[in-house]
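> I am attaching a structure below and will ask some questions about it afterwards.
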Amino acid sequence: MAIGHIFEHPTGAPEDYQRVMEHVRSTGPVPPEGARLVLSGQAEQGWRVITVWDSRADIDRFFAERLRPAYEAAGLSLDDGRRTFFEVSGLVAGDLTGAPQPA
């Protein structure tokens with residue numbers, strides 16, 4: 001069963017997120033191996049990333065091997081973030097590109 005993960009970093013600024021993502025992109029594929037869906041955006045405070053993964057092991061590996069070093073390189077701490085996990089029982093999506101659809 002797929003695993004959903006919500007990561008909220010309440011004190012991060014948009015430019016912090018950009019630095020983290022630049023580092024992540026420089027260290028491997030995006031989306032990372034095992035990730036099926038990645039949504040990210042500015043929250044009321046900080047930013048929020050919602051992901052769907054093949055397994056909890058894939059999430060943990062990405063955090064340890066790529067995300068933690070990216071945070072450290074940006075002068076941030078993952079410990080400031082909040083993580084929520086859930087089993088994915090369904091996923092329904094329309095056009096995720098935002099492109100206009102024919103009538």
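> Give the residues of segment 8-26 that are assigned to a loop (DSSP other than H, G, I, E, B) and either modelled with pLDDT of 95 or more or among the hydroxyl-bearing types (Ser, Thr, Tyr) (or both), sorted by residue number.
Thr11
> Quick check, is Ser77 at pLDDT 90 or above and over 19 Å from His9 (Cβ atoms)?
Numbers: at pLDDT 90 or above: yes; over 19 Å from His9 (Cβ atoms): no.
No; evaluated as a whole, the condition is false for this residue.
> Let me ask something else. Could you say whether any residue in segment 45-53 is among the aliphatic types (A, V, I, L, M), in contact with an Asp or Glu (Cβ under 9 Å, 6 or more places away or on another chain) and not in a strand (DSSP E or B)?
Pass one, segment 45-53, residues among the aliphatic types (A, V, I, L, M): 49-50, 52.
Right, trim to in contact with an Asp or Glu (Cβ under 9 Å, 6 or more places away or on another chain) and you get 49.
Still in the list and also not in a strand (DSSP E or B): none.
The answer is no, given that none of the residues of segment 45-53 is among the aliphatic types (A, V, I, L, M), in contact with an Asp or Glu (Cβ under 9 Å, 6 or more places away or on another chain) and not in a strand (DSSP E or B).
> A further question on this structure: If I filter segment 84-103 down to residues being in a loop (DSSP other than H, G, I, E, B) and surrounded by 10 or more Cβ atoms within 10 Å (Cβ to Cβ), which single residue comes out as modelled with the lowest pLDDT? Spell out the reasoning first.
Quick first cut of segment 84-103, residues in a loop (DSSP other than H, G, I, E, B) only: 88-103.
So of that shortlist, the ones also surrounded by 10 or more Cβ atoms within 10 Å (Cβ to Cβ) come out as 88, 91.
Values: Val88: 96, Leu91: 85.
Going through the qualifying residues, I end up with Leu91.
> Sticking with this structure for a sec: Within segment 43-58, take every residue that is more than 12 Å from the chain's Cα centre (by Cα) and touching a residue at least 24 places away in the same chain (Cβ under 8 Å) and give me the one that is nearest to Ala74 (Cα to Cα).
Applying the first criterion (more than 12 Å from the chain's Cα centre (by Cα)) to segment 43-58 yields 43-46, 54-58.
Within this subset, residues satisfying the condition of being touching a residue at least 24 places away in the same chain (Cβ under 8 Å) are 43, 45-46, 54-56, 58.
Details: Ala43: 19, Gln45: 18, Gly46: 15, Asp54: 28, Ser55: 27, Arg56: 25, Asp58: 23 Å.
Out of the qualifying residues, it is Gly46.
> Residue check, Asp58 against (1) surrounded by 15 or more Cβ atoms within 10 Å (Cβ to Cβ); (2) in contact with a Gly (Cβ under 6 Å, 6 or more places away or on another chain); (3) assigned to a strand (DSSP E or B), all met but one. Which one?
(3) is the only condition that Asp58 fails.
> Which residues, counting only those in segment 1-39, are under 15 Å from Thr84 (Cα atoms) and of a type in the set (Gly, Ala, Ser)?
To start, the set of residues in segment 1-39 that are under 15 Å from Thr84 (Cα atoms) comprises 2-10, 38-39.
Those that are under 15 Å from Thr84 (Cα atoms) and of a type in the set (Gly, Ala, Ser): Ala2, Gly4.
> Being within 10 Å of the chain's Cα centre (by Cα), in contact (Cβ under 8 Å) with a residue 60 or more places away in the chain and within 17 Å of Arg61 (Cβ to Cβ) is the filter; apply it to segment 1-41 and report the residue that is surrounded by the most Cβ atoms within 10 Å (Cβ to Cβ).
Once the filter is applied, the top-ranked residue is His5.
The values are calculated or read from the model by the stated rules, or taken from the named source; none is laboratory data. As the structure is a prediction and not an experimental result, all values here were calculated from the model. Positions of Cβ are backbone-derived with ideal geometry, glycine not excepted, and every protein chain shown enters the neighbour counts.
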